[in-house]
Amino acid sequence: QRNAGSSSDGTEDSDFSTDPEHTDSSESDGTTRRSARVTRSSARLSQSSQDSSPVRNPPSFGAEEPVYSTRRVTRSQQQPAPVTPKKYPLRQTRSSGSETEQVVDFSDRGHLTGKHERHFSISGCPLYHNLSADECKAPTERQLRYKEKVAELRKKRNSGLSKEQKEKYMEHRQTYGNTREPLLENLTSEYDLELFRRAQARASEDLEKLRLQGQITEGSNMIKTIAFGRYELDTWYHSPYPEEYARLGRLYMCEFCLKYMKSQTILRRHMAKCVWKHPPGDEIYRKGSISVFEVDGKKNKIYCQNLCLLAKLFLDHKTLYYDVEPFLFYVMTEADNTGCHLIGYFSKEKNSFLNYNVSCILTMPQYMRQGYGKMLIDFSYLLSKVEEKVGSPERPLSDLGLISYRSYWKEVLLRYLHNFQGKEISIKEISQETAVNPVDIVSTLQALQMLKYWKGKHLVLKRQDLIDEWIAKEAKRSNSNKIMDPSCLKWTPPKGT
């Protein structure tokens, strides 16, 4: 058994010697060792008595294997020895297919990059690459010639654009706008312009390869995934992001300010200096970790545009992206020690002639099927109750939106019928109490087969089986905290603008 000790520099104090002259034949340690390993400390102990060779192979053992015992060597017992070269374990394959371990001596001085005094891996060792430490530090003659050549080429750059050239560039810009690349001649040296052209050609070639492989297709949803906070989300539909971002296939987004970026490095630098930890606007609702912020599209235009572009990745029927000024956005978040994370949102017109209380509604995919969609819908009707209006979502509804609204309307009606004790019921009274549009109430009653026409009158059937089923679901529901509390709302209806 190997006894290991630790020291201040992380090296091992326990060493084992495979030299017969250093073995101990004590019967208490009758351990049979099938392999022996030459370590750095044993090599330092035996260096004074024997010469070290560049490559040392472990001794081979026959059928009768000798018995070795371990001996602990402390630092106080070690004799001062000169610094030995650094050794790296290399594997050498025998003809039989088995592997043996070799220890190759290399000095730990220098680094392949020439920027460090020591190296700690074989990949950075100058000797392994047949170089010396001084050669890595000093630039080669070829590198010096190339540097002088580049400096000479960059000296040929003109001091500035002439008046005729500036007029030519402006005319080109006014004629073609963004449909063509601006003129680049005389803006920099010919050498740098040639490097830029080569980079453009290489990027276009790589893009064409991706198209041929089917990873990118024209006219389809080119953004496949987005990195959003700690989640990586697969997109569902096309969103009109700028082409330079859309063709990447993957976007990186700040989950607080919703700015979209091209790479992980840019996102990391942005997050280091981004001061946003919650959506802009006023926090009008808070219960526990759930908050709702009211964001004015006119005051926070960029944020609302980015929110609409993000929503289009998961909505099929959304057509409005940039004209956000006539809308108010209600953003629901979940707070933790890092900030307020986006759950979903809905938008509504500031002045709706048809009393639409929702124009667009979205729950982020990572929060779907957890009750947050109904919370957003319930919050929209809660605002309608405060405004003393009857609301309805704007049509057409998406497939998931229709399912969510039908489920919400069903729960509202069954709860109302469960608490209703009279004999005659009015659709208008239900609408005034729940803020649900009468058309939506009638369509839901028809879908539940609770509305009948008999002897010239419309009757509402109180189906006790559906009510009992709803009561059982309410009792089993564990997310009882995912219910909007009207007492936590601090909001007054905005005046018309």
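Scoring residue 183 on the criteria (1) modelled with pLDDT under 80; (2) within 30 Å of residue 243 (Cβ to Cβ); (3) outside any helix (DSSP H, G or I) leaves a single failure, condition (1).
In the range 235-278, of all residues being in contact with an Asp or Glu (Cβ under 9 Å, 6 or more places away or on another chain) and aromatic (Phe, Trp, Tyr), the one that is surrounded by the most Cβ atoms within 10 Å (Cβ to Cβ) corresponds to 237. Of all residue pairs spaced 6 or more apart or on separate chains, none has beta-carbon atoms under 6 Å together with a first member in the range 180-191 that is more than 15 Å from residue 153 (Cβ to Cβ) and a second member that is part of a loop (DSSP other than H, G, I, E, B) and open to solvent by less than 50 Å² (accessible area, probe 1.4 Å). When residues of the range 259-288 are filtered for being without any contact (Cβ under 8 Å) to a residue 24 or more places away in the chain and polar (S, T, N, Q), how many remain? Within the range 259-288, residues that are without any contact (Cβ under 8 Å) to a residue 24 or more places away in the chain and polar (S, T, N, Q) number 2. Out of the range 366-382, which residues are open to solvent by 30 Å² or more (accessible area, probe 1.4 Å) and touching a helix residue (DSSP H, G or I) at 6+ places or on another chain (Cβ under 9 Å)? Matches in the range 366-382: 368, 374, 378. Which condition from (1) in contact (Cβ under 8 Å) with a residue 40 or more places away in the chain; (2) open to solvent by less than 80 Å² (accessible area, probe 1.4 Å); (3) outside any strand (DSSP E or B) is the one that residue 227 breaks? Of (1) in contact (Cβ under 8 Å) with a residue 40 or more places away in the chain; (2) open to solvent by less than 80 Å² (accessible area, probe 1.4 Å); (3) outside any strand (DSSP E or B), only one is false for residue 227: (3). All conditions in (1) surrounded by fewer than 17 Cβ atoms within 10 Å (Cβ to Cβ); (2) over 24 Å from the mean Cα position of the chain (by Cα) hold for residue 339, with the sole exception of (2). The residues of the range 240-271 that are on the phi > 0 side of the Ramachandran plot and more than 13 Å from the chain's Cα centre (by Cα) amount to a single one, 249. Give the residue that is least open to solvent (accessible area, probe 1.4 Å), with candidates limited to residues of the range 418-439 that are under 42 Å from the mean Cα position of the chain (by Cα) and more than 25 Å from residue 472 (Cα to Cα). Checked the range 418-439; the qualifying residue least open to solvent (accessible area, probe 1.4 Å) is 435. Inside the range 309-334, residues that are out of contact with any strand residue (DSSP E or B) (no Cβ under 6 Å at 6 or more places or on another chain) and β-branched (Val, Ile, Thr) make up a count of 2.
Quick check on residue 351: is it open to solvent by 30 Å² or more (accessible area, probe 1.4 Å), out of contact with any helix residue (DSSP H, G or I) (no Cβ under 6 Å at 6 or more places or on another chain) and closer than 22 Å to residue 494 by Cα?
When the stated conditions are applied, residue 351 passes them.
Counting the residues of the range 307-336 that are open to solvent by less than 60 Å² (accessible area, probe 1.4 Å) and modelled with pLDDT of 90 or more gives 19.
I'd like to verify a number: residues in the range 279-295 that are of a type in the set (Ser, Thr, Tyr) and crowded, with 16+ Cβ neighbours inside 10 Å, how many? Residues flagged as of a type in the set (Ser, Thr, Tyr) and crowded, with 16+ Cβ neighbours inside 10 Å within the range 279-295 amount to 2.
Per the conditions (1) open to solvent by less than 100 Å² (accessible area, probe 1.4 Å); (2) at pLDDT 85 or above, the sole criterion not satisfied by residue 219 is (2).
The single condition among (1) over 30 Å from residue 225 (Cβ atoms); (2) surrounded by fewer than 16 Cβ atoms within 10 Å (Cβ to Cβ) that residue 399 does not meet is (1). Is it fair to say residue 173 is touching a Ser or Thr at 6+ places or on another chain (Cβ under 7 Å) and open to solvent by 100 Å² or more (accessible area, probe 1.4 Å)? Taking the combined requirement at face value, the residue does not satisfy it.
Test residue 191 against the stated conditions and say whether it is in a helix (DSSP H, G or I), under 26 Å from residue 244 (Cβ atoms), modelled with pLDDT of 80 or more and open to solvent by less than 70 Å² (accessible area, probe 1.4 Å). So residue 191 passes the test. If only residues of the range 441-455 that are out of contact with any strand residue (DSSP E or B) (no Cβ under 9 Å at 6 or more places or on another chain) and open to solvent by less than 50 Å² (accessible area, probe 1.4 Å) are counted, the one that is farthest from residue 393 (Cα to Cα) is 448. Kindly indicate whether residue 258 is part of a loop (DSSP other than H, G, I, E, B) and modelled with pLDDT of 90 or more. Answer is yes for this residue.
The values are calculated or read from the model by the stated rules, or taken from the named source; none is laboratory data. Predicted, not measured: the structure shown is a model, and the values here were computed from it. Every residue, glycine as well, gets a Cβ built from its backbone with ideal geometry; the counts of neighbours run over all protein chains shown. Protein only, heavy atoms only, side chains kept; ligands, DNA and RNA dropped before computing areas. Shrake-Rupley method; radii C 1.70, N 1.55, O 1.52, S 1.80 Å.
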